[in-house]
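Please read the structure below before turning to the comments.
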Amino acid sequence: MQAQKQLCILLAEDNEVDARAVSRALRDVRIVHPIVRAKDGVEALALLRGNGAVEVPRPYVVLLDLSMPRMDGLQFLEELRADPVLQTSVVFVLTTSNADEDRTRAYRANVAGYVLKTRLSEGFGELRELIESYASIVELP
């Protein structure tokens, strides 16, 4: 069996309670990958570009909330996809928005998945499996 690659998780989430809940739940389901948090899209981009307080090394996966101050998740996706260095980043949306327009815009920006936070209370095990699959079998840029 091939050794699992180390994968960094960038959690872009402005809500302190949600950020703690996601981080705790990922630890509870034994996610061993480091988690770096950004409080909005501006900070997330800075971290990915190496201009932040912490380095987000490749390979990484972004867990993105859509509703954030300064730069929301959809604006973040626009900037990310326009950046030639970051455009191939793997992004999963974690949001409370069940709006078709948000889902459509996110998928047009090539997100890997769109997950409703309300479904995560029972589904962190599935989220763990998804992240672990990316870490072990998917070849990331």
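The values are calculated or read from the model by the stated rules, or taken from the named source; none is laboratory data. Since the model is a prediction, treat every value here as computed from it, not as a measurement. Positions of Cβ are backbone-derived with ideal geometry, glycine not excepted, and every protein chain shown enters the neighbour counts.
What is the residue count in segment 10-28 for residues that are surrounded by 15 or more Cβ atoms within 10 Å (Cβ to Cβ) and not small (G, A, S)? Walk me through it before giving the result.
We begin by selecting, within segment 10-28, every residue surrounded by 15 or more Cβ atoms within 10 Å (Cβ to Cβ); these are 10-15, 18-19, 21-23, 25-26.
From what is left, the residues that are not small (G, A, S) are 10-11, 13-15, 18, 22, 26.
Adding up the residues that qualify gives 8.
Only one entry of V56, V62 meets the criterion of being in contact (Cβ under 8 Å) with a residue 40 or more places away in the chain and either of a type in the set (S, T, Y) or under 21 Å from V115 (Cα atoms) (or both), and that entry is V62. It is to be established whether one or more residues within segment 114-124 are among the aromatic types (F, W, Y) and more than 12 Å from the chain's Cα centre (by Cα). Yes, the conditions are met somewhere in segment 114-124.
Just one of the numbered conditions (1) outside any loop (DSSP other than H, G, I, E, B); (2) at positive phi is not true of G50; which one? The single condition G50 does not satisfy is (1).
Yes or no, residue by residue, for (1) hydrophobic (A, V, I, L, M, F, W, C); (2) within 14 Å of the chain's Cα centre (by Cα):
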position	(1), (2)
A19	yes, yes
H33	no, yes
A46	yes, no
R49	no, no
V93	yes, yes
D102	no, no
V111	yes, yes
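In segment 114-137, the residue that is modelled with the lowest pLDDT out of those that are surrounded by 14 or more Cβ atoms within 10 Å (Cβ to Cβ) and either under 14 Å from S23 (Cα atoms) or small (G, A, S) (or both) is G123. Would you confirm whether or not segment 53-73 contains a residue that is in a helix (DSSP H, G or I) and either over 14 Å from F92 (Cα atoms) or touching a strand residue (DSSP E or B) at 6+ places or on another chain (Cβ under 6 Å) (or both)? Within segment 53-73, one or more residues are in a helix (DSSP H, G or I) and either over 14 Å from F92 (Cα atoms) or touching a strand residue (DSSP E or B) at 6+ places or on another chain (Cβ under 6 Å) (or both).
Which ones in segment 74-101 are in contact (Cβ under 8 Å) with a residue 60 or more places away in the chain and either assigned to a loop (DSSP other than H, G, I, E, B) or not aliphatic (A, V, I, L, M) (or both)? Give the derivation first.
As a first pass, look at segment 74-101 and keep what is in contact (Cβ under 8 Å) with a residue 60 or more places away in the chain: 76, 94.
If the condition is that a residue be in contact (Cβ under 8 Å) with a residue 60 or more places away in the chain and either assigned to a loop (DSSP other than H, G, I, E, B) or not aliphatic (A, V, I, L, M) (or both), then F76 is the only one that fits.
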